[in-house]
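Report on the structure given below.
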Amino acid sequence: MRIAIVPARGGSKRIKNKNIVDFLGKPLIAYALEAIRESCLFDKIHVSTDSQEIKIIVEQLGYKVDFMRSDNLADDHTGLLPVLQWVHKKYEEEGINFDDICCIMPTAPLLKSSDLINGFNLYQKYNKKNPLLVVAPFPVPVEWAFYRDNNTILTPRDSKALIIRSQDIKPTYYEAGPFSIFHSSHLKSNNLFDDYNLISLLINKSSAVDIDDPEDLEFAKTLYLGGLALRKFSKF
């Protein structure tokens, strides 16, 4: 059996009520939930939240919240893995066992059901032995990075690398964040990066938006509307 877990705690700081903030007329979380439902991949969709307000909105959208998240897993310091482990264990205690666990971020309005399907196809290609992350290419070589201090002074991360041409530098990728896929056995590890070889689903830069602040939110709206326009005109 497969479960989609959407981690949506209520304590966002930089964007108040980020997970349910208005995004072009709908709560932000609605877009990820729609992509999950449209994929037809999952036996259960569970929104993991400590917020009654989020619970009410999610259930108004048609998704039942079976149980609330424990308060000790809803602070600013708790990572995603402990949340996934806890949710999986809660269902096990109710006699429901999930083999495949997909963690899908509530702040992923650009996520498409086809992305989830492609991710699961790749995960199954490797016989479910490897966790899957979604990645996007860095827009410029990471070797060209600078540190910037409070006086605006820049310090190269690697001054020798600044003179290397981009075509001579090996491409690098970052976790884009919309979703990840695990087998239940992976959740027994507390250090996935050391214990397993991670496989990756590559998405394009225009789909890789991590919404952390108001600027990110407005940028995501621009990309979403641009995608709608592109699909509309491609029909002609």
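The values are calculated or read from the model by the stated rules, or taken from the named source; none is laboratory data. Predicted, not measured: the structure shown is a model, and the values here were computed from it. Quick reminder, even Gly has a Cβ in these numbers, built from the backbone with ideal geometry, and neighbours come from all protein chains shown. Note: areas computed on protein heavy atoms with side chains; ligands, DNA, RNA excluded. Shrake-Rupley method; radii C 1.70, N 1.55, O 1.52, S 1.80 Å.
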Query raised in the report: Over the stretch 1-131, what number does the Rg to Rh ratio reach, with both radii from the alpha-carbon atoms and Rh per Kirkwood?
Result: 0.95
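Run through the DSSP bridge list for the stretch 1-148 and note the antiparallel percent, rounded to the nearest 5. Intermediate values should be presented prior to the final figure.
Values: 2 of 11 bridges.
Close to 20 percent.
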Query raised in the report: Label residue 204 and residue 149 with points 7 Å out from Cα along Cα→Cβ: what is the distance between them in nm?
Result: 4.2 nm
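What is the ratio of the Cα radius of gyration of the stretch 97-236 to 2.2 N^0.38 Å, where N is its residue count, to two decimals? Could the numbers behind the result be given before it?
Details: Rg = 18.4 Å, N = 140, 2.2 N^0.38 = 14.4 Å.
Dividing the Cα radius of gyration by 2.2 N^0.38 Å gives 1.28.
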Report task. Calculate, for the chain, the solvent-accessible area per residue in square angstrom, rolling a 1.4 angstrom probe over the heavy atoms of the protein chains. Result -> 57 Å²
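Compute the Rg/Rh shape ratio of the stretch 59-115: radius of gyration over Kirkwood radius, all on alpha-carbon atoms. Can you show the working numbers first?
Details: Rg = 13.2 Å, Rh = 13.5 Å.
Checking Rg against Rh, the ratio lands at 0.98.
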Requested in this report: Measure out, as a whole number of angstrom, how far apart the alpha-carbon centroids of the stretch 200-228 and the stretch 1-51 sit.
Outcome: 16 Å
Query raised in the report: Put a dot 7 Å past each Cα toward the Cβ at residue 169 and residue 78; how far apart are the dots in nm?
Result: 3.8 nm
Query - Descending semi-axes in Å of the stretch 185-224, equivalent ellipsoid built from Cα gyration tensor - result: 31, 13, 7
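For the chain, what does the equivalent ellipsoid look like in terms of its semi-axes, each the square root of 5 times an eigenvalue of the Cα gyration tensor, given largest first in whole Å? Let's see the in-between values first.
On the way: eigenvalues 185, 102, 82 Å².
Semi-axes from the Cα gyration tensor: 30, 23, 20 Å.
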Report summary line: Taking 169-178, 132-141, 96-105 and ranking on average Cβ neighbours within 10 Å, highest first, one gets 96-105, 132-141, 169-178
Query raised in the report: Using alpha carbon centroids, what distance separates the stretch 91-127 and the stretch 132-159, in Å?
Result: 31 Å
Query - residue 185/residue 138 FRET efficiency (R0 35 Å; Cβ-Cβ; nearest 0.05) - result: 0.65
Query raised in the report: Tell me, what is the Rg over Rh of the stretch 35-93, with Rh the Kirkwood radius over Cα pairs?
Result: 0.97
